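A.B. asks: Below is one structure. I have some questions about it.
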Amino acid sequence: MSIANTCVLIAAVLPVITMGAAKAATAGKRRSEGGYDNNNPREWAAKQSGWKGRAAAAQNNGFEALPLFVFAVLAAQFAGLDQVRTDQLAMAFIGIRLVYTALYFANVAALRSVVWVAGVGVTIAIFAPTLTLPF
């Protein structure tokens, strides 16, 4: 498995870990006391506030960013682009997503948005060279 493919796996698991932190913070609490509600997980997530609410939003954003990243990596590999470059950009994407998630937890909105743009930019950088290749 290439480094880029490993990064795809990490990108897929990162949102789950993000929300898992919020769920773990309510461990030991009953549902009636705000503990995690596995019967109504989306309703429970929507009721969260503070960092746990932001964790839910970060999870959603992680899942939203995932398809374009996966497509970019697969397109680059299918096109036979330089694997080292693809690996490096994929690792940069993961680093950016980790920083983005930390900024979301810390409620640093403006910088978080800048980091989000960087993540989109890296994804485009992975994919863009395929636009000039005849498939």
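A.B. asks: Give me the net charge for the shell around residue 39: Cβ to Cβ below 14 angstrom, other residues only, Lys and Arg +1, Asp and Glu -1.
C.D. replies: Net local charge, residue 39 excluded: +3.
A.B. asks: Quick check: Cα centre of the range 1-15 to Cα centre of the range 28-84, how many Å?
C.D. replies: The two parts, judged by their Cα centres, are 14 Å apart.
A.B. asks: May I pose another question? Work through the residues other than residue 101 whose Cβ is under 11 Å from its Cβ and net out their charges, Lys, Arg +1 and Asp, Glu -1.
C.D. replies: Spelling it out: positives minus negatives among the neighbours equals +3.
A.B. asks: Can I ask one more? Here are several values of Rg and Dmax of the Cα atoms in Å: (1) 14.8, 46; (2) 16.5, 50; (3) 17.1, 59. Which one was derived from the coordinates shown?
C.D. replies: The listed entry that was calculated here is (3).
A.B. asks: Would you mind counting up the charge near residue 21? Only other residues with Cβ under 11 Å from its Cβ, with Lys and Arg at +1 and Asp and Glu at -1.
C.D. replies: Neighbour charge sum, excluding residue 21 itself: +3.
We did not get these values from a lab; they are worked out from the coordinates using the rules stated. Quantities reported herein were computed from a predicted structural model and do not represent experimental measurements. Don't worry about glycine lacking a Cβ; one is built from the backbone with ideal geometry, like all the others, and counts go over all protein chains shown.
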